[in-house]
Structure formats: C-alpha cells, structure tokens
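Below: one structure, written as structure tokens.
The values are calculated or read from the model by the stated rules, or taken from the named source; none is laboratory data. Because the structure is predicted, anything quoted here is derived from the model rather than measured. So basically every Cβ, Gly included, is an ideal-geometry build from the backbone, and we count neighbours across all protein chains shown. Side chains included, ligands, DNA and RNA excluded: accessible areas come from the protein's heavy atoms. Shrake-Rupley method; radii C 1.70, N 1.55, O 1.52, S 1.80 Å.
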Amino acid sequence: MGDAKFEEQTGLAAIGTMLGQFISHEVKGVDVTLIVEGEDGPSLSHTAQSDSEGFVHFDVPLDPEWDLPEFPAWEIAQLHWNTEDGPRQVDAHILAPGMDGRLAVISDIDDTIIETGITGGIGSVAKNWKRVFARMPGQRAIVPGADTFYNELGDAAKADGLKLAKEQMPATRRPFFYVSSSPWNLFAYLVAFQRMRGLPLGPIKLRDWGLNRETFGKSSHGSHKTDAIFEILEMYPDMKFALIGDDTQGDFPAFASVVKEFPDQIAAVFMRTVSEEKFSAEEEASITAIRDTGIPLWMGDDYATGLEFLRANGFTPSGETQQIVKAVEGVVVDEASDPAAAQSAEAAQD
C-alpha cells in the first residue's frame, strides 16, 4: 500500500502521474489464486478468472465458518497469478469486523471526505479541473472536520493494538466501508489520501467507468451507491450502520432506497449539505421518505455540529446504536410540530 508514487508533484509531472492511473491494459481469462495462510499452511485457496475488464471477483464461502475477531482487524491474503515474465504476487488487505459492538459506518468519498468543488454542472468541473486531475493526495483538501468526526465516530481512541506490524494499518473499533462513483483506477490514490489525512481505513467500493450514460449523471451515481450499499448490508445482516454522504451526487435518493429496504439496519443518516442548487423534487421526496421511517437524519454544512452531539452522548461499546440515534435526534426537529425548537436547532447549527 505504498504511497511513494503519489509524493508531492506539480504541473505536467502531476498530470502525468494521474494519467498513468487511467492508462491500463485489461487482460481477460487470467487465473488468479487467493490464498490465506494459517499456522499449518494455506487455510484457504481459491482460484478465479479475470473478466473482460481485467477484474477478478472472489465470493468464497467459509466452510466451516470462521469466527470473527473480538475487535475489527486487518487480515492479509495473497493473490497469485502468472504472466509472460513469470509468477506474480500481491498482498490483499481484508477487514474483518469485530464481534465487540455492532455499529459500522458506510461513507461516500467525494465532497464527503475529500473536497472536489464539483457541486453543479460542467461549469464547476471546468473551474475545479486542476484540483481533481493535477494534484497528488497530499495536496488535496480534506473536508473540514472530517478526520476528527470520523475518528470519533469510529472510536479510534480504543483501537490501540489493532495494527499490522508490517503495514501499521489501524482498524477502528467501528469498521468503515466507503462507496464512491469514482473509477477503480483511483483506488490507490484514494487510499493514499486517507492514510495521509489520518482517516479510518476500510474497504472501498468503486465503479467501472465507460463513455456512456451509465457512467455520467446524478442518477447513475445514486444507482451505483445503492447497489454497493445493498451488498454490504446483505453481507452483515446483524450489524447496524450509520450512513454518511452529501447532496452533490445522488446520495439522498440512494440513501432513501437503502432506508426503505433495510430500515432495521440503519441507525442514522448524516448528510453534508454543500450544493448551491435547490433540492430537486426527487431529493425532497427522499428526505421526506427517510424522516417518515423514524430514522434520524442530520443535515448540516460542517461536521463540527455533528461532533458536538457525538461527544455529548459519550459513545461506549454497549448501547451504541441507541446513543447515535439520540445524538442525531438532538439536531433533527420537525418544524411543523415545534417551530420554536426548529429555530433553536438552526441557531445551534449556525
């Protein structure tokens, strides 16, 4: 997971490095073997073939099932394959959620933890192209307060000792999963950004881009995120999740769909509001749908307000789902039922 190739660069050098992330040669039909080593040799070995886009997908049942560790922990597997130049191997880092505590976090990336400035149409893309395409991870701006808020929510202070000796990758007490409409080509770039900014690390579900309608547009962003979140929730049916996103890339409709299908698994929804555009009719309907379920929805333009409520309610390993609900309800007020309280909440958010 080395970040050396993303050391600080400027001008054409930075652009060249970024272009290098997108120039790839997909190879179909390559046998790739996933191996997990145990104390007495390989405890799991499974082979799959790369698809037409060069991706390999492993969905391996554990028979007999493996117990999860007490606390979240990073485990290492190896991927092996052969090329014309001989055998190749790379480590694969796998996050195993722990049995201690049943609250996890699913977070968006663009404009939720990393500033892009692309909150509108093509004009905002043209205005912010250098930020997105010509800056290394260490030069990118983190959303103000995201590192403190995420580490507090992840209970990072209680993650001492949950590190790999080789990579020094801390696993927060509450596991994080990230979903984004960014292409898979940016995986290493985004991991480097998270490491440099001290954000909790976790599995990242990105998207295969193409020059078609399925890649561009708000609806396509939301559709990808919905599918990705569904997969995570189905994999961990006994775990509750806090959802974190923003109002720039279809997160409201995506989160509303998730809440509708998995109401018992969603503890709260945090939404950073950064777009200068008014909410669309679809987004307004999504906000109403989330609130109608009774699941707390926090909306604000900075994480400082949310952090105050997390700290005020003193998160502990037990009863944490109830506490996050109580925390978010502290800033969610129904104006129709209590206008005075609504004004008070708005003042607190300001």
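Got a sec? Which strands (runs of 3 or more DSSP E) wholly within segment 227-333 have at least 2 residues that are exposed (fewer than 14 other Cβ atoms within 10 Å of the Cβ) and at pLDDT below 90?
In segment 227-333, no matching strands (runs of 3 or more DSSP E) lie anywhere.
Within segment 24-75, which residues are of a type in the set (Ser, Thr, Tyr), part of a strand (DSSP E or B) and open to solvent by less than 40 Å² (accessible area, probe 1.4 Å)?
Across segment 24-75, the qualifying residue is only 33.
Could you tell me whether residue 78 is among the polar types (S, T, N, Q) and at pLDDT 90 or above? Give the steps one after another, and end with the answer.
On the way: among the polar types (S, T, N, Q): yes; at pLDDT 90 or above: yes.
Taking the combined requirement at face value, the residue satisfies it.
Go through segment 253-276 and give me each residue that's among the aromatic types (Phe, Trp, Tyr) and farther than 13 Å from residue 107 by Cα.
Residue satisfying the conditions is 262 alone.
Any residue at all in segment 130-151 that's assigned to a helix (DSSP H, G or I), hydrophobic (A, V, I, L, M, F, W, C) and at pLDDT below 70?
Checking segment 130-151: at least one residue is assigned to a helix (DSSP H, G or I), hydrophobic (A, V, I, L, M, F, W, C) and at pLDDT below 70.
All but one of (1) at pLDDT 90 or above; (2) under 25 Å from residue 227 (Cβ atoms) hold for residue 111; which doesn't?
So residue 111 meets the others, but not (1).
If I filter segment 168-193 down to residues being in a loop (DSSP other than H, G, I, E, B) and open to solvent by less than 40 Å² (accessible area, probe 1.4 Å), which single residue comes out as modelled with the highest pLDDT?
The residue in question is 175.
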